[in-house]
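Note sheet for the following structure.
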Amino acid sequence: MSSDTTNDRKLEHIRAFDIDPAIERDARHFDRIRLTHRALPNLAFDQVDTGCTFLGKRLSFPLLISSMTGGDHELIRTINRNLAKAAQRTGVAMAVGSQRVMFTDEAARDSFDLREYAPDALLIGNVGAVQLNYGFSLEQCQAAVDLLGGDGLYLHLNPLQEAVQPEGDTDFSNLETLITEVAGSLSVPVLLKEVGSGLSAPDIEAGLRAGVSFFDLAGTGGTSWSRIEHHRRGDKGEDLGLVFQDWGIPTPLALQIAKPYRSQASFVASGGIRDGIDMAKSVIMGASLCGVAAPFLAPAMDSADAVVAVIERFRREFTTAMFLLGMPDVATLFGNESLILKASGEHI
């Protein structure tokens, strides 16, 4: 695939949000979960400690700016640099979009060379796991990490997106073996990530067998990459991307599925998290980190200050939720399902 084609695709992904607001599915799956309000929280608001640790780095609160983009275009460079600057200023984590393009277009490397803008932030690199079946090597995975100065590497799993994408790579055979090789040799931890359809129990078990202990569940409810790729197909009357736009596992259900594996792995919740209450619910259901992407896209086109403003909104909402639950710190909140209101005999 030519570098021009790859860069064009990255821009088409970004511009799809402008032409079709329904790409943001806004399913609000987390709204079905009700929490125990404490009228007597037994702590002061200023006593709430939202700090946490992930991949060995201390974060101000459990927020990850999720993967969005990368490539050779000034808009893309602006987005990633503003996100990195905001992550540094606010003490949150950031993951970049797929780095494969940097190996087909030298100029695209700048969009991933972000450590100077975020010297202390937790940064996570990103390549498509399926590319391991198309000649992408361990050495290239390491080079992606090295350029970013990454603390970890996403191997993202996107079979639906590839199936809908006009130029999609759809050979997902034998990936467990190849993921095992990368996970066993890379200088930083590998994280397995879906891109919006969720990870099932067999997926988590396959990752564990491959030596992976970090998973981004990335369920349905937020951005639909299937619907984005629908706009790129070009063949009139073809609605494959629309038919499958909500395919997959909602993020709260993915967290519930992951519960039996918490002793073996750490989980990132992403997909449809749109406020600090969603974040609190995710942590209660076992998420060590909460990934958010779409709400940061437009601000990142503007400035780092605009991104910081959105991050601070999430922080205030998350802190307020913890206060109203009477939770003094994230460790007390994590996995504390007694905070979920359930009718007699009902399960989450």
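Some notes on this structure:
- Qualifying residue in region 209-217 (condition: among the hydroxyl-bearing types (Ser, Thr, Tyr), touching a Phe, Trp or Tyr at 6+ places or on another chain (Cβ under 9 Å) and part of a loop (DSSP other than H, G, I, E, B)): no
- Residue within region 218-239 that is within 25 Å of Gly56 (Cβ to Cβ), at pLDDT 95 or above and either touching a Leu at 6+ places or on another chain (Cβ under 9 Å) or of a type outside the set (Ser, Thr, Tyr) (or both) present: yes
Residues checked against (1) open to solvent by less than 10 Å² (accessible area, probe 1.4 Å); (2) in a strand (DSSP E or B); (3) closer than 22 Å to Ser213 by Cα:
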residue	(1), (2), (3)
Leu255	yes, no, yes
Lys259	no, no, yes
Gln264	no, no, yes
Val268	yes, yes, yes
Ala287	yes, no, yes
Cys290	yes, yes, yes
Pro295	no, no, no
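- Residues being open to solvent by 40 Å² or more (accessible area, probe 1.4 Å) and under 17 Å from the mean Cα position of the chain (by Cα) - total across region 30-52: 0
- Options Arg115, Arg100, Arg109; residue that is out of contact with any strand residue (DSSP E or B) (no Cβ under 8 Å at 6 or more places or on another chain), open to solvent by 10 Å² or more (accessible area, probe 1.4 Å) and among the charged types (D, E, K, R): Arg109
- Every residue from region 212-237 that is open to solvent by less than 30 Å² (accessible area, probe 1.4 Å) and more than 15 Å from Asn158 (Cβ to Cβ): Val212, Gly221
- If only residues of region 98-144 that are basic (Lys, Arg) and over 22 Å from Pro62 (Cα atoms) are counted, the one that is nearest to the chain's Cα centre (by Cα) is Arg100.
- Residue list for region 173-211, filter: open to solvent by 60 Å² or more (accessible area, probe 1.4 Å) and either of a type in the set (Ser, Thr, Tyr) or over 26 Å from Val292 (Cα atoms) (or both): Ser173, Asn174, Glu176, Thr177, Glu181, Gly184, Ser185, Ser187, Arg209
- Leu153 vs. criteria under 27 Å from Pro295 (Cβ atoms), free of Cβ contacts under 8 Å to residues at least 40 places away in the same chain, part of a helix (DSSP H, G or I) and of a type outside the set (Phe, Trp, Tyr): no
- Test: residue in region 278-293 that is farther than 25 Å from Asp26 by Cα and among the acidic types (Asp, Glu): no
- Qualifying residue in region 34-42 (condition: among the hydrophobic types (A, V, I, L, M, F, W, C) and closer than 30 Å to Glu139 by Cβ): no
- Every condition in (1) in a helix (DSSP H, G or I); (2) exposed (fewer than 14 other Cβ atoms within 10 Å of the Cβ); (3) without any contact (Cβ under 8 Å) to a residue 60 or more places away in the chain is met by Ser338 except one, and the failing one is (3).
- Selection within region 161-210 - among the small types (Gly, Ala, Ser) and closer than 16 Å to Glu229 by Cα: Ala163, Gly168, Gly196, Ser197
- Criterion (within 22 Å of Ala218 (Cβ to Cβ), at pLDDT 95 or above, open to solvent by less than 10 Å² (accessible area, probe 1.4 Å) and hydrophobic (A, V, I, L, M, F, W, C)) met by exactly one of Val127, Val164: Val127
- Number of residues in region 71-98 that are in a helix (DSSP H, G or I) and either closer than 18 Å to Val310 by Cα or touching a residue at least 24 places away in the same chain (Cβ under 8 Å) (or both): the value is 16.
The values are calculated or read from the model by the stated rules, or taken from the named source; none is laboratory data. Since the model is a prediction, treat every value here as computed from it, not as a measurement. Please note: Cβ atoms are built from the backbone with ideal geometry, for glycine as well, and neighbour counts cover all protein chains shown. The protein model used for the area step is the full one, side chains on, heavy atoms only, and it has no ligands, DNA or RNA in it. Shrake-Rupley method; radii C 1.70, N 1.55, O 1.52, S 1.80 Å.
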